[in-house]
Amino acid sequence: MQLQNTSDFITNWLKAYNLKAETKGFVIGISGGIDSALTSTLAAQTGAEVLCVSMPIHQEESQLKRANNHIEGLKSRFSNVRSLEVDLSAMYDGFLNTIPQIEKSEQRDLSLANSRARLRMTTLYYFAGIESKLVLGTGNKVEDFGVGFYTKYGDGGVDLSPIADLVKSQVFELADYIGVGEEILTAPPTDGLWGDDRTDEDQLGATYAELEWAMGFPKGQSHQGLSKRQQEVLGIYNRLNTANQHKMKPIPVCEIPEAYLIS
């Protein structure tokens, strides 16, 4: 019953926002992961138009297959769902060939991965603008407010965040309840920004279950009695939470005292 209540609440929240904004539905990027699968299904339940966009950039084949399978399954269940596949590989290659070439490094690779997310954001807003739709975010609570595991102005550039108050375990539970396919439910979470099969855990150094635990660990509480792994996970969580505060807080505004304002 509680799962149904949660599903209904999010669906009704989306429906009400769409009506109030006087927009014509939603646009969402489908990655083949659990978060976009859940969010797109919740959006489809509103009855409003939903445009699902697959945006491969030299994508690992299994990720693209899962995305397309989910989209086709969603279209078979909901008549209000449409889809497009926009291969951004050539655009990404053009960007890569245009910018100055620098020596390969971890920071360069991360910057390029983030560039993929920003190309996708631009694509989603292109279609949202044409069709007067809202771009849906797919971030969960651990990613958005715990460790900041998303790209600023990439997958973090959205109009609405329907599942950002759900931790990852709740995402899986609700996705299973509302009919997201087993193929996605059992796939290791990945952001799909690297052109290979690396998982979120590979990047973060901890599982979502561990990060959920760390997110709920009381601040200031003694670490005495914790296992070596628990202390390690708390260190990972605190490091990422601190480093990514710039994503989680509003953009700083220089508020000029009246005495310094131009008259």
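The values are calculated or read from the model by the stated rules, or taken from the named source; none is laboratory data. What you are looking at is a predicted structure, and each value in this text was computed from that prediction instead of being measured. Glycine gets a Cβ as well: all are built from the backbone with ideal geometry, and neighbour counts include every protein chain shown.
Remarks
- Scanning the stretch 28-48 finds no residues that are farther than 21 Å from residue 163 by Cβ, out of contact with any His (no Cβ under 7 Å at 6 or more places or on another chain) and not aromatic (Phe, Trp, Tyr).
- So residue 114, is it farther than 19 Å from residue 55 by Cα and out of contact with any Asp or Glu (no Cβ under 8 Å at 6 or more places or on another chain): no
- Selection count where residues are charged (D, E, K, R) and either assigned to a loop (DSSP other than H, G, I, E, B) or touching a strand residue (DSSP E or B) at 6+ places or on another chain (Cβ under 9 Å) (or both), scope the stretch 228-263: 2
- Within the stretch 118-143, the set of residues being crowded, with 22+ Cβ neighbours inside 10 Å and either assigned to a helix (DSSP H, G or I) or at pLDDT below 95 (or both) comprises 120, 124, 128, 142, 143.
- Set 225, 195, 156: member being among the small types (Gly, Ala, Ser), in a loop (DSSP other than H, G, I, E, B) and crowded, with 18+ Cβ neighbours inside 10 Å: 156
- Which numbered condition residue 59 misses (of (1) more than 18 Å from residue 8 (Cα to Cα); (2) modelled with pLDDT of 95 or more): (2)
- Verdict on residue 79 being under 24 Å from residue 185 (Cβ atoms), surrounded by fewer than 18 Cβ atoms within 10 Å (Cβ to Cβ) and either among the small types (Gly, Ala, Ser) or touching a strand residue (DSSP E or B) at 6+ places or on another chain (Cβ under 9 Å) (or both): no
- Helices (runs of 4 or more DSSP H) (entirely within the stretch 1-85) containing at least 3 residues that are more than 21 Å from the chain's Cα centre (by Cα) and free of Cβ contacts under 8 Å to residues at least 60 places away in the same chain: 2-21
- Verdict on residue 220 being at pLDDT 95 or above, out of contact with any Cys (no Cβ under 8 Å at 6 or more places or on another chain), among the small types (Gly, Ala, Ser) and over 23 Å from residue 116 (Cα atoms): no
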